[in-house]
């Protein structure tokens, strides 16, 4: 711990950047209260608890539950409540969904494998918005959602299927693990969970 | 994840750079058969008055409203008049001829865009007559279609010296340079 503090101090001396005590917190796992108190006294950071939000995403050790993904739906509905998005034509709404909403979803989807309840909730908002112009108002959909979510060449509107998109984005991480991309977290996973035997990856039990 | 999509031949008609998105969307709904024409509405509202509001004679179907109706015919005539395109009379005929001419040259782009824009304005006109009780005016409709086309194609500055193309540019009053070939 003293070493960590020394490194932080060294970093401050070199770069002039200092950790903001008010904005930082420290998270413990498997440490006794006694040690925890010592460490907090030394570093001066507040103790934080799971779940918390990091870069807008929920950090939790458990399965994601409805309150955890509420920020996602809130963010999307906030975008749709604005007057300029309420006065759009069908095509305008479609473009807003494609460019703004899908990228918010993709940000979450690229890091977390979202529960299907979450995806359904988000898709319902998007679908309502496309057909009725209001995220909470359900109107009879004119074309089935799976047709809307097919590429334009295949007769759809070119929206991506978010279930598939989420899986594809997560597979990207799996791919980097398998090809052994040179990053810290992949090296850590390789050393802790995986072993290589006769050119094949296995899971350490 | 093993879904393989079947391509549809009509997709390039509406999804291209020169067609305004709102027109693309209405055309797309029309191709899906989900535009709320009276015959579609009648399926779950049997008591509805399903006579076309533009001519007041026949039942309003997708075929009728956009092609067979006298009103639509005059509009098409006004829009297509300069290009020597044959008058569309059947939905399938027209789409087939459009799909056949899907090349990247200017005239086929014009053709696709004209089709979508006219469809959109006809649908809009029908809705305005139906819900706002506005009066019919073919000339205004043709004018607004032509204006939309003019805006969309105003970035063209050079065209090949082909009689159809030149005639079309003159009709829209586009300021273009005709290339000698």
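Observations on the model:
- Each part reduced to its alpha carbon centroid, segment A:101-136 and segment B:47-65 end up 39 Å apart.
- Of all beta bridges that DSSP places with both ends in the protein assembly as shown, some 60 percent have antiparallel geometry.
- Full extension of the chain between residue A:23 and residue A:74 gives 16.0 nm of extra length, using 0.36 nm per residue less the Cα-Cα distance.
- B:13, A:125 arranged by Cβ crowding within 10 Å, fewest neighbours leading: A:125, B:13
- For segment A:63-169, the relative contact order comes to 25 percent (Cα pairs under 8 Å, sequence separation of at least 6).
- Mean sequence separation of contacting Cα pairs (under 8 Å, at least six apart), scaled by the length of chain A, corresponds to a relative contact order of 11 percent.
- Relative contact order of chain B, taken over Cα pairs closer than 8 Å and 6 or more residues apart, is 22 percent.
- Between residue A:33 and residue A:163, the FRET efficiency estimated from the beta carbon spacing at R0 = 51 angstrom works out to 0.75.
- Ordering A:52, A:107 from the fewest to the most neighbouring beta carbons within 10 Å gives A:52, A:107.
- FRET efficiency estimate (nearest 0.05) - Cβ-Cβ, residue A:95 to residue A:61, R0 35 angstrom: 0.35
- Whether segment A:63-169 is rounded, prolate or oblate, judged on the alpha carbon gyration tensor where a/c under 1.5 counts as rounded: oblate
- Amide N proximity, segment B:44-70 versus residue B:93 label position 7 Å along Cα-to-Cβ, cut-off under 15 Å: B:63-70
- For B:158, A:98, order by how many other beta-carbon atoms lie within 10 Å, fewest first: B:158, A:98
- The Cα atoms of segment A:5-88 give a gyration tensor whose axes a ≥ b ≥ c have a/c of 1.5 or more with a/b no greater than b/c, which makes the shape oblate.
- Tensor-based shape of chain B (alpha-carbon gyration tensor, a/c under 1.5 rounded, otherwise prolate or oblate): oblate
Each value in this text was obtained by applying a stated rule to the coordinates, not by laboratory testing. Given the structure is predicted, the values throughout are model-derived calculations rather than measurements. As a convention, Cβ positions derive from the backbone with ideal geometry for all residues, glycine included, and neighbour counts pool all protein chains shown.
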